[in-house]
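Input: a single structure, listed below in structure tokens.
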Amino acid sequence: MLLRWVVSSIYSICILILGAGCVYSQNYPSKPIRIVTAPAGSANDIASRLIAQGLMEKNGRRVIVDNRPGFIGIEVAAKASPDGYTLLLFGGGVWLSQFFNAQVAWDLERDFEPLTLAITSPNIIAVHPSVPAKNIEEFIALAKTKPGQLNYASGPSGVGPHLAAELFKYMTGVDIVRVNYKGTGPSVAALIAGEVQVMFVGAGSAMMHVKSGKLRALAVAGSKTSDLAPGVPSLEAIVPGYDSKVIIGMWVPAKTSSEIIKYLNHEIVSVLKKPEVRSRFFDIGSEVVASSAEEYAAAIKIDTTRWKNVITAAGIRPD
């Protein structure tokens, strides 16, 4: 009894002093952790590998990045054992897919617990240099004088550039026309070539072309400016309430213990807050957030409501 009391007391003191970082320190992890994510080369994949490397350096255990195509990874993670050895790192497709496909094999609230909002990437409103608008006010005025005559580049339905442009239309009343391409790369190439006039594109994909003069940045498509786009104003000052950014976060399967969630959040947030990790993310066009699980859940709720309204109003359907 005395020994049990001593062990319990030490554990309690550990929690009070060190926080969740000492939870399960003796027994967890005892085998490799798997981060399920999107295919190699994607932003999700790069983020997963940076986090995996940091976790391995911290706890000495192997962390495997498991790349899966499409939404297969989400299904795999949803069916995994809730033992802390399978994590999911993904973007908004986890919660937005329900609006495009009622038959998805997972339910966010039923199958997952939020872990942390890891990183965000702001969208930039960029135009071809031939567009006679030097700022976002002038662009809105131009679009209103030419309804249906300005085109915007977009990848597949329901992803960042498409939804960002439709939110812009929804909140400003302009009529710009979507031209669909196979992905971000072809979309940016079309904008540079002048095939389309405008695009809502991630800062990581746009700013190198803005700096070279191939594109003109009108605004950061969010509620604040970004160090990723120095000197570019925020759209929120002109269109109050507008916010569009890529959100990438992590989950664990539902029914994972709260102790493991606290431990993983503590370890992952510690990795994300390292200056060298922040710098690596900045280089690929992302900003570290490293939130609590509760903050991530709140962010998802706001994002879901925003895009549900846009998807419904615009009648967006899968391509």
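Can you pick out the pairs among Lys134/Lys308; Lys58/Lys301; Lys262/Lys301; Lys31/Lys255; Lys146/Lys211; Lys146/Lys182 whose Cα atoms lie more than 24 Å from each other?
With Cα atoms farther than 24 Å apart: Lys134/Lys308; Lys58/Lys301; Lys146/Lys211; Lys146/Lys182.
For the chain, which span is the longest to avoid every loop-located (per DSSP) member of trypsin sites (Lys or Arg not before Pro) having at most 14 other Cβ atoms inside 10 Å?
With trypsin sites (Lys or Arg not before Pro) excluded where exposed in loops, the chain gives 1-60 as its longest stretch.
Amide H neighbours of Asp66 under 5 Å, at least 5 residues apart or on other chains, H built in the peptide plane: list them.
Those lying under 5 Å, H to H, from Asp66 are Ile35, Val36, Thr37.
Enumerate the calculated ³J(HN,Hα) couplings along the range 159-165 in order (Karplus 6.51 cos²θ - 1.76 cosθ + 1.60, θ = phi - 60°), each rounded to whole Hz, writing x wherever the residue is Gly or Pro.
9, x, x, 5, 5, 4, 5
For Arg178, which sequence-distant residues (separation of 5 or more, or a different chain) have an amide H within less than 5 Å of its own amide H, given hydrogens modelled in the peptide plane?
Amide H to amide H, under 5 Å and 5 or more residues apart or across chains, Arg178 pairs with Tyr152.
How large is ³J(HN,Hα) for each residue in the range 36-42, as worked out from phi by the Karplus curve 6.51 cos²θ - 1.76 cosθ + 1.60 (θ = phi - 60°), to whole Hz, x for Gly and Pro?
8, 7, 6, x, 4, x, 6
Cα centroid distance between the range 198-214 and the range 241-319, in Å?
23 Å
Where a Cα-Cα gap under 19 Å defines reach, which lysines qualify for Lys224, not counting those fewer than 8 residues away within the same chain?
Qualifying lysines at Cα under 19 Å: Lys245.
Treat every Asp and Glu Cβ in the chain as -1 and every Lys and Arg Cβ as +1, leave all other atoms uncharged, and give the resulting dipole magnitude about the Cα centre to the nearest 20 debye.
It comes to approximately 340 debye.
Ranked by Cβ crowding within 10 angstrom, fewest neighbours first, how are Met171, Met199, Met250 ordered? Don't skip to the end; give the middle numbers.
Values: Met171 14, Met199 30, Met250 24.
Fewest-to-most Cβ neighbours within 10 Å comes out as Met171, Met250, Met199.
Which order do the peptides 112-118, 51-57 come out in when sorted by mean C-beta neighbours inside 10 angstrom, highest first?
With the highest mean Cβ count within 10 Å placed first, the list reads 112-118, 51-57.
No lab work stands behind these numbers, since they all come straight from the coordinates. Since the model is a prediction, treat every value here as computed from it, not as a measurement. Note that we place each Cβ from the backbone using ideal geometry, even for glycine, and neighbour counts take in every protein chain shown.
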